[in-house]
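See structure below.
The values are calculated or read from the model by the stated rules, or taken from the named source; none is laboratory data. Just so we're clear, the structure is a prediction, and the values are computed from it rather than from any experiment. In this analysis, Cβ positions are derived from the backbone assuming ideal geometry, glycine residues included, and neighbour counts consider all displayed protein chains. Heavy atoms of the whole protein, side chains included, go into the accessibility calculation; ligands, DNA and RNA do not. Shrake-Rupley method; radii C 1.70, N 1.55, O 1.52, S 1.80 Å.
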Amino acid sequence: MTVLAVGPVEHIGSPNKLHHPVLSAWKARRPEASIHAPQGLARKTKGWFRFDAELDDEPDRK
């Protein structure tokens with residue numbers, strides 16, 4: 001089974017600050033997906049990659 005067999009890819013997340021190098025490849029294949037990063041990863045990457053949201057320990061209260 002592939003990822004696409006489950007349904008459209010809407011969100012891609014890096015589970016920690018070590019697994020972000022593959023995000024560029026995923027974003028290239030699924031440009032419509034939002035990219036989520038753990039706290040501090042956007043700072044660590046120094047702007048070479050744009051994240052749509054930063055994950056934290058608090059639930060989204062929308």
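Quick notes on this structure:
- Residues that are basic (Lys, Arg) and open to solvent by 100 Å² or more (accessible area, probe 1.4 Å) do occur in region 48-61, at least one of them.
- Top-ranked residue of region 22-47 - restricted to ones that are within 9 Å of the chain's Cα centre (by Cα) and among the small types (Gly, Ala, Ser), ranked as surrounded by the most Cβ atoms within 10 Å (Cβ to Cβ): 37
- The chain holds helices (runs of 4 or more DSSP H) entirely within its bounds, and those carrying 3 or more residues that are at pLDDT below 85 map to 3-6, 41-44.
- Subset of region 1-21 that is of a type in the set (A, V, I, L, M, F, W, C) and closer than 18 Å to residue 54 by Cβ - its residue that is least open to solvent (accessible area, probe 1.4 Å): 12
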